[in-house]
Amino acid sequence: MSPNEAPKGRILIIDDDDGVRVAHQRLLERAGYEVRAARSPFEGLESAQDWYPDVVLLDLVMPTVSGFEAVKVCKEKPSTQGAILVAFSGLITDNEVERFRRIGFDEILPKPVPADDLAYRIQGFLARRQAGTPRGANE
């Protein structure tokens with residue numbers, strides 16, 4: 001992304017796995033997104049407080065607070081309630097997708113996600129939101 005080019009969107013990655021978090025942050029930054037990353041939901045919500053991300057990638061299994069608990073807080077906080085909340089985990093199976101949506105996630109992104117697919121999927125989430133397409137459509 002050139003210095004004069006506006007970012008495609010703001011992405012907040014909340015994942016306790018340093019390798020996953022850093023790799024995805026770099027990949028999305030190279031794709032033109034403005035990215036912040038956090039090790040925990042507490043750190044992520046603090047980072048989002050004055051930033052208002054467009055998308056929050058939220059790992060489900062973390063040591064202090066699970067993604068299941070954090071998504072509820074994200075829905076209530078002004079800085080994240082308008083964001084697309086994405087369940088981001090290796091534990092997602094096809095049978096559980098609807099349960100994740102009932103909990104409050106807008107989109108589902110199973111790990112591992114191929115590097116060339118991550119930015120494409122984020123772009124799709126944002127395009128559907130902008131077009132007013134219901135969550136989970138065209139998956």
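The values are calculated or read from the model by the stated rules, or taken from the named source; none is laboratory data. What you see is a predicted model, and the numbers here were worked out from it, not measured in a lab. Neighbour counts run over all protein chains shown; Cβ positions are idealised from the backbone, glycine included. To get the accessible areas, we keep the full protein, side chains included, count just its heavy atoms, and leave off ligands, DNA and RNA. Shrake-Rupley method; radii C 1.70, N 1.55, O 1.52, S 1.80 Å.
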Problem - Subset tally (residues that are assigned to a helix (DSSP H, G or I) and open to solvent by less than 70 Å² (accessible area, probe 1.4 Å)) for segment 95-135 - result: 16
Practice task
Answer yes or no as to whether GLY32 is surrounded by 13 or more Cβ atoms within 10 Å (Cβ to Cβ), on the phi > 0 side of the Ramachandran plot and either out of contact with any helix residue (DSSP H, G or I) (no Cβ under 7 Å at 6 or more places or on another chain) or modelled with pLDDT under 90 (or both).
Solution key: yes
Practice task
Could you please tell me which pairs satisfy a Cβ distance under 8 Å, a separation of 6+ or placement on different chains, a first residue in segment 17-36 that is closer than 17 Å to SER89 by Cα, and a second residue that is open to solvent by less than 30 Å² (accessible area, probe 1.4 Å) and charged (D, E, K, R)?
Solution key: ASP17/ASP59; VAL20/ASP59; ARG21/ASP15; HIS24/ASP15
Practice task
Report yes if PHE88 is buried (at least 21 other Cβ atoms within 10 Å of the Cβ) and either modelled with pLDDT of 90 or more or closer than 19 Å to GLY124 by Cα (or both), otherwise no.
Solution key: yes
Completion exercise
When (1) part of a strand (DSSP E or B); (2) open to solvent by 20 Å² or more (accessible area, probe 1.4 Å); (3) of a type in the set (Gly, Ala, Ser) are applied to GLY82, the one that fails is (1)
Exercise for the section: Within segment 57-79, work out how many residues are open to solvent by 30 Å² or more (accessible area, probe 1.4 Å) and in contact with a strand residue (DSSP E or B) (Cβ under 7 Å, 6 or more places away or on another chain). Expected result: 1
Practice task
Just give me the residues in segment 14-72 being touching a Lys or Arg at 6+ places or on another chain (Cβ under 8 Å) and basic (Lys, Arg), in sequence order.
Solution key: ARG21, ARG36, ARG39
